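The values are calculated or read from the model by the stated rules, or taken from the named source; none is laboratory data. Model, not experiment: these values are computed from the prediction. Counting neighbours? That spans all protein chains shown, and the Cβs are built from the backbone with ideal geometry, glycine included. Just so you know, the surface numbers come from the protein's heavy atoms only, side chains and all, with ligands and any DNA or RNA stripped out. Shrake-Rupley method; radii C 1.70, N 1.55, O 1.52, S 1.80 Å.
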Amino acid sequence: MNDLFLYFGIESWKPAVAVLLLPPVPFIVLVLLGARVLARRWALGWLLVVLGVLGLWLGSTWAVGNALTNWLVTPPRALTEGDLNELRRAPKTAIVVLGGGRRVLSPEYGVSQLNPRSIERLRYGVWLSRETQLPLVYSGGVGHGAPAGPTEAEIAARVAEREFRQPLRWTEAESRDTRENAIRSVALLQAQGIEQVVLVTHGYHMRRATRNFTRAIAAAGVRMDLVAAPMGLPASGRLDAIDWMPTAEGFQQVRLALHEWIGLLAGA
C-alpha cells in the first residue's frame, strides 16, 4: 500500500488515512451503524452498539495498549551494560535518533520545539552518546501534512546544544517519514565512513524503523550493521485493575501500536 502512495505521489494522504483507520473512528462508526440497524434488526443492531462501546472502552486502556504493542510490533529488548561496553569499543559507529514530530511554536518558549516523543528520543540518544562517546545524529525534516517551519533536525540541534550541552555531530533535515529517515541517514553516514548504526527510537516504532534501514542499506550496497536501541519500553509486571480503566495514556498507546502495525502491513 505504501508503494501505491509513493507511485501516485500522494504520501501526504497517509495522516488522513491513519485518522480513519485508527481508534476511535472505527468504533464510533460501529455505534452509529448499530443505531441505524436497531430499527430493523434489533439483535444485530445491539451487537454492533455493544462492540463499538466495548472497543471504545478497551481501546483506551493501558492493558490493551501494552498487549497490542507486545503482540503486534514486538519491541526488542533494551540495551544492557554489556551492550554499552561493546559500543564503547566499536569503531566507525554512530548513534542515529529518529524524529517523532515537532511543534512549530511553543508559546512558553517563544520558539519551535520538539514534541514529547521526539524529546524522549533525543534525551536517550544524548545519554547513549555520553555513555559510549559515539557521535550523535538526528534525522527528521517536516512530516507529511505538517505545517511549514523549522525542521525537526534544526530544532533538535538547538535543544541538544543549549539544553543538553551535547552538540549533534550531524543532522539530516530532509526526511518526511521513516522510510526517508533511513534512505537519507544511510547516505549521510556512508559519506562519513560509518559502518555501524545504533538506532534510537521508541520500542513500538523499532521494528518498522529497522526494516526500513535494512532496506536502505541493501539498496545503497554498503556494509553497515544495525544495533537497535529502543526506549520508552513498557515495564513488565502484573496488571492492576486501574490498567483496565480508560485513560488518555492507554488510548494513545493503543493508537501507536495499531499505527505501527498498519504501517508494517502496508510496507511503510
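Here's the yes/no breakdown for (1) closer than 29 Å to ILE242 by Cβ; (2) assigned to a helix (DSSP H, G or I); (3) open to solvent by 20 Å² or more (accessible area, probe 1.4 Å); (4) touching a residue at least 24 places away in the same chain (Cβ under 8 Å):
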{"site": "PRO23", "(1), (2), (3), (4)": "yes, no, no, yes"}
{"site": "ARG36", "(1), (2), (3), (4)": "no, yes, yes, no"}
{"site": "ARG40", "(1), (2), (3), (4)": "no, no, yes, no"}
{"site": "LEU44", "(1), (2), (3), (4)": "no, yes, yes, no"}
{"site": "VAL49", "(1), (2), (3), (4)": "yes, yes, yes, no"}
{"site": "LEU54", "(1), (2), (3), (4)": "yes, yes, yes, no"}
{"site": "TRP57", "(1), (2), (3), (4)": "yes, yes, yes, yes"}
{"site": "VAL64", "(1), (2), (3), (4)": "yes, yes, yes, yes"}
{"site": "ALA67", "(1), (2), (3), (4)": "yes, yes, yes, no"}
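Out of everything in the stretch 234-251 that is assigned to a loop (DSSP other than H, G, I, E, B) and at pLDDT 85 or above, what residue ends up being nearest to ARG211 (Cα to Cα)?
THR247
For VAL254, state whether it is modelled with pLDDT of 95 or more, of a type in the set (A, V, I, L, M, F, W, C) and either open to solvent by less than 40 Å² (accessible area, probe 1.4 Å) or not in a helix (DSSP H, G or I) (or both).
Spelling it out, it is not the case that VAL254 is modelled with pLDDT of 95 or more, of a type in the set (A, V, I, L, M, F, W, C) and either open to solvent by less than 40 Å² (accessible area, probe 1.4 Å) or not in a helix (DSSP H, G or I) (or both).
Would you check if THR74 is within 23 Å of the chain's Cα centre (by Cα), open to solvent by 30 Å² or more (accessible area, probe 1.4 Å), more than 24 Å from GLN252 (Cβ to Cβ) and of a type in the set (Ser, Thr, Tyr)?
No.
Pull up the stretch 12-31, narrow it to residues that are of a type in the set (A, V, I, L, M) and farther than 17 Å from TRP57 by Cβ, then point me to the one that is modelled with the lowest pLDDT.
That would be VAL19.
Confirm whether VAL126 is buried (at least 19 other Cβ atoms within 10 Å of the Cβ), among the β-branched types (Val, Ile, Thr), out of contact with any Ser or Thr (no Cβ under 8 Å at 6 or more places or on another chain) and modelled with pLDDT of 95 or more.
It is true that VAL126 is buried (at least 19 other Cβ atoms within 10 Å of the Cβ), among the β-branched types (Val, Ile, Thr), out of contact with any Ser or Thr (no Cβ under 8 Å at 6 or more places or on another chain) and modelled with pLDDT of 95 or more.
Would you please list the contacts, defined by Cβ atoms under 8 Å and residues six or more apart or on different chains, that run from a residue in the stretch 77-93 that is assigned to a helix (DSSP H, G or I) to a residue that is loosely packed, with under 13 Cβ neighbours inside 10 Å?
ARG88/GLN133
Could you check, for the stretch 224-233, whether at least one of its residues is assigned to a strand (DSSP E or B), surrounded by fewer than 21 Cβ atoms within 10 Å (Cβ to Cβ) and of a type in the set (Asp, Glu)?
Yes: one or more hits.
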